[in-house]
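Down below is the structure, laid out as structure tokens.
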Amino acid sequence: MSDSSARYRSAGKSGGHIQHLRLKLLVFATLCALPLFGSMSLWLRGVSLIPLAAYGIVSLLAFLLYWSDKRKARVDQWRTPENVLHALEFAGGWPGALLAQQVFRHKTRKVSFQLVFWLIVMLHQVFWIDMLFLGANLLALF
């Protein structure tokens with residue numbers, strides 16, 4: 001076994017090594033910018049603290065649920081249904097889910113799961129673009 005494959009295996013087991021960390025942190029920060037700015041502005045204008053709190057609390061819950069699911073996968077126990085993970089992501093937990101996917105290397109290779117996950121992230125981005133820059137005109141269509 002080569003040195004790099006041994007490192008890859010041990011990193012996958014411990015979840016401690018994230019490849020391309022700087023790039024992934026840049027992408028994470030970029031993706032979080034709109035929701036953070038939007039939810040902070042709603043709070044600071046006295047509209048609502050709920051979006052800001054939801055992103056934080058639900059992200060923490062999503063992170064913990066991914067951690068739990070990864071542990072269960074290793075010992076072949078009952079797993080968390082994917083629709084539960086996606087529901088938490090949709091409710092604002094996608095930042096925590098994205099972090100957990102990278103830290104635990106969990107659910108990163110299943111294409112169908114990733115398609116739904118990134119659709120949820122995109123919906124959040126479109127929502128905040130609409131709220132912040134388009135006067136919620138897209139939302140008015142629905």
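The values are calculated or read from the model by the stated rules, or taken from the named source; none is laboratory data. Note that this is a predicted model, so its numbers are computed, not measured. Cβ sites come from the backbone with ideal geometry, for glycine too, and all protein chains shown count toward neighbours.
Does residue 133 qualify as being buried (at least 17 other Cβ atoms within 10 Å of the Cβ), over 15 Å from the mean Cα position of the chain (by Cα) and more than 25 Å from residue 17 (Cα to Cα)?
No; evaluated as a whole, the condition is false for this residue.
Residue-by-condition table, conditions (1) surrounded by fewer than 15 Cβ atoms within 10 Å (Cβ to Cβ); (2) of a type outside the set (Phe, Trp, Tyr); (3) more than 24 Å from residue 126 (Cβ to Cβ):
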residue	(1), (2), (3)
55	no, no, no
62	no, yes, no
77	yes, yes, yes
80	no, yes, yes
93	no, yes, no
105	no, yes, yes
114	yes, yes, no
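Kindly state which helices (runs of 4 or more DSSP H) lie completely within segment 48-142 and contain at least 2 residues that are modelled with pLDDT of 95 or more and among the hydroxyl-bearing types (Ser, Thr, Tyr).
Qualifying helices (runs of 4 or more DSSP H): 50-74.
Consider residue 53 against the criteria (1) out of contact with any helix residue (DSSP H, G or I) (no Cβ under 6 Å at 6 or more places or on another chain); (2) more than 23 Å from residue 28 (Cβ to Cβ): it satisfies all of them except one. Which criterion is unmet?
The one condition residue 53 does not meet is (2).
Find the residue count for segment 42-70, including only residues that are within 25 Å of residue 87 (Cα to Cα), over 12 Å from the mean Cα position of the chain (by Cα) and of a type outside the set (A, V, I, L, M, F, W, C).
5
Pick out the one residue from 33, 73 that is out of contact with any Gly (no Cβ under 8 Å at 6 or more places or on another chain), surrounded by fewer than 17 Cβ atoms within 10 Å (Cβ to Cβ) and within 22 Å of residue 134 (Cβ to Cβ).
33
Only one residue in 47, 116 is among the aliphatic types (A, V, I, L, M) and more than 25 Å from residue 27 (Cβ to Cβ), so which one is that?
Only one candidate passes the filter, namely 47.
Would you say residue 6 is at pLDDT below 90, farther than 27 Å from residue 130 by Cβ and of a type outside the set (Lys, Arg)?
yes
Search segment 38-53 for residues being out of contact with any Ser or Thr (no Cβ under 6 Å at 6 or more places or on another chain) and in contact (Cβ under 8 Å) with a residue 24 or more places away in the chain, and hand back the single one that is surrounded by the most Cβ atoms within 10 Å (Cβ to Cβ).
38
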